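**Q** Take a look at the following structure, please.
The values are calculated or read from the model by the stated rules, or taken from the named source; none is laboratory data. Not measured: the values here are computed from a predicted model. Just so you know, the surface numbers come from the protein's heavy atoms only, side chains and all, with ligands and any DNA or RNA stripped out. Shrake-Rupley method; radii C 1.70, N 1.55, O 1.52, S 1.80 Å.
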Amino acid sequence: YILFTFSCTHDTTNNQNQKELFELLEKEKANYQSSFSIINQIADSYRYQNDNKSLILFLTDFVEKNPENPYNAYWLLLTAYTYMQENADSVAEYYFDRIIQNYDDLLVKGKSVHILCLQNLIQISTSSDNRIYYFNQLITRFPDKVNITELYMRLAIEYEKIGDWEQALKTYSLFLERPDATTIQIAGIPDAYNKAR
């Protein structure tokens with residue numbers, strides 16, 4: 001019983017805080033820096049309550065109503081992550097892809113939102129054609145931020161899966177030309193160097 005009263009007062013405080021944050025957001029909407037931290041606090045409070053449904057609704061609604069907000073790619077990234085937590089990978093894939101297609105890249109805490117999207121898309125996408133596109137995006141757009149040697153290996157395997165032998169051989173050759181091709185350890189691909197040869 002004591003526990004129950006505690007959780008009720010806690011929820012009330014939380015709801016009160018949330019209400020105040022929403023009011024603050026209304027006022028600060030045009031101030032992108034302030035609104036960024038307010039939205040983050042609202043998102044955190046939903047996460048704290050394990051209320052993914054409200055979190056998704058809040059983020060997608062905000063993006064829809066504020067198309068000019070420069071952080072929209074980040075809010076959609078949080079949306080995609082939340083869908084992944086809900087084991088709804090196909091919906092998460094839609095959002096990750098939407099960010100890459102429709103939004104400029106953004107650095108949040110020093111990380112590129114597009115790189116995070118592409119890395120997640122490679123993990124969850126079930127289509128080799130899509131994965132080939134994502135690998136190529138990472139290689140051409142972020143060569144200094146990713147392990148190109150590993151990506152060439154993984155890309156060649158995807159080309160093999162769709163039977164594009166010409167591209168597969170080309171990509172294996174690119175892998176073999178890399179200075180670390182003989183020593184690289186790639187998870188799930190034992191002895192990558194010999195496989196490529």
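**Q** Lys pairs in the range 14-157, Cα-Cα under 22 Å, at least 8 apart or on separate chains: how many?
**A** 10
**Q** Can I ask one more? Give the accessible area for Leu118 in Å² (nearest 10); use a 1.4 Å probe, count only protein heavy atoms, and leave out ligands, DNA and RNA.
**A** Result for Leu118: roughly 0 Å² accessible.
**Q** Let me ask you something else. Mind running the shape call on the range 61-129? Use the C-alpha gyration tensor, a ≥ b ≥ c as the square roots of the eigenvalues: rounded below 1.5 for a/c, prolate if a/b tops b/c, oblate otherwise.
**A** prolate
**Q** Could you pull the Rg and Dmax for the range 54-197, using just the Cα atoms, both in Å?
**A** So, for the range 54-197, Rg and Dmax equal 17.1, 53 Å respectively.
**Q** Still on this structure, I have one more. In terms of solvent-accessible area of protein heavy atoms at a 1.4 angstrom probe, what is the ranking of Tyr159, Tyr94, highest value first?
**A** Tyr94, Tyr159
**Q** Further question: Could you tell me whether the range 89-151 comes out rounded, prolate or oblate from its Cα gyration tensor? Rule is a ≥ b ≥ c as square roots of the eigenvalues, rounded for a/c under 1.5, then prolate if a/b exceeds b/c, otherwise oblate.
**A** Because a/c hits 1.5 or more and a/b fails to exceed b/c, the range 89-151 counts as oblate.
**Q** Further question: So what is the 222 nm mean residue ellipticity for the chain from helices alone, if each DSSP H run of at least 4 adds -39500 (n - 2.57) and you divide by all residues, rounding to the nearest 500 deg cm²/dmol?
**A** It comes out at -23500 deg cm²/dmol, rounded to the nearest 500.
**Q** Still on this structure, I have one more. How big is the accessible area of Tyr172 in square angstrom, nearest 10, if you roll a 1.4 angstrom probe over the protein chains?
**A** 20
**Q** Among rounded, prolate and oblate, which fits the range 114-197 when a ≥ b ≥ c are the square roots of the eigenvalues of its C-alpha gyration tensor, a/c under 1.5 means rounded, and a/b larger than b/c means prolate?
**A** oblate
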